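Asks: Just passing along the structure, written as structure tokens.
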Amino acid sequence: MPRNPAIPANADPNYYDLGLCGPLRTDLSNKPETCGLFRTPSLRNVARRQVFFHNGVVNRLEDAVRFYATRDTQPGKWYPRSADGTTHKFDDLPPQYLGNVENSLPLEARWVLRPVLSESDVADLVAFLNTLTDGWAP
Ligand code: HEM
């Protein structure tokens, strides 16, 4: 996920929430392959949430799904620009852990030039996710 500047600890450019490998959790700190990994949450009642993903950087369910579709095809929509004008992709992860980034579908963009999910697909997925809300009625 993109770094969330609204989190006070992120004012320190040397601070990173690396999920499983720390700094809050300490039992996996000697396992670099777990750095940047976060628990996959249940999607039950996800449509009721106001913040999404481990750092709450996304505020709309549509955008949470859109992120999957366009992280790799349009990274400039999500990540800030570096001083040299290029998009600073994965700006919340130290470079040595970039190999841990998830690339499976619908994220995988190495072989595709267009998002694998269209805006219509995103809308369909959001409609589906709404059915996971307790008490949902068709
Ligand atoms: C179209 C497919 C997918 C949809 C619609 C989807 C939807 C979502 C949503 C809405 C969230 C945010 C939940 C919350 O914050 O409460 C989420 C989080 C997450 N999803 Fe997915 N997901 C998809 C595919 C995948 C895949 C392929 C993986 C991994 C192989 C994955 C792993 C995760 C993980 C690890 C999180 C938590 C990330 C974090 O907290 O930073 N998802 N997903």
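The values are calculated or read from the model by the stated rules, or taken from the named source; none is laboratory data. Computed from a predicted model, the values in this text were never measured in an experiment. Note that we place each Cβ from the backbone using ideal geometry, even for glycine, and neighbour counts take in every protein chain shown. Accessible surface is based on the protein model in full, side chains and every heavy atom, while ligands, DNA and RNA are left aside. Shrake-Rupley method; radii C 1.70, N 1.55, O 1.52, S 1.80 Å.
Asks: Between helix 61-70 and the chain, what is the angle of the helix's C-alpha long axis to the longest principal axis, kept within 0 to 90° and rounded to the nearest 10?
Replies: So the helix axis and the longest Cα principal axis differ by about 60 degrees.
Asks: On the protein heavy atoms, probe 1.4 angstrom, tell me the percent of accessible surface of the chain carried by carbon and sulfur.
Replies: Carbon with sulfur: 55 percent of the solvent-accessible area.
Asks: Where does each of 38-45, 115-122 land if you order them by average Cβ count within 10 Å, highest first?
Replies: Working: 38-45: 10.8, 115-122: 15.0.
Descending packing order for the listed peptides: 115-122, 38-45.
Asks: Just from the alpha-carbon atoms, what are the Rg and Dmax of the range 8-130 in angstroms?
Replies: 15.5, 43
Asks: If you count only protein heavy atoms and use a 1.4 Å probe, how large is the accessible surface of Leu98, to the nearest 10 Å²?
Replies: Accessible area of Leu98: about 80 Å².
Asks: Let me ask something additional. Along the charge dipole of the range 1-122, which of Val46, Ile7, Gly56 sits closest to the positive end, that is, farthest toward it, with unit charges on the beta carbon of Lys, Arg, Asp and Glu (+1, +1, -1, -1)?
Replies: Val46
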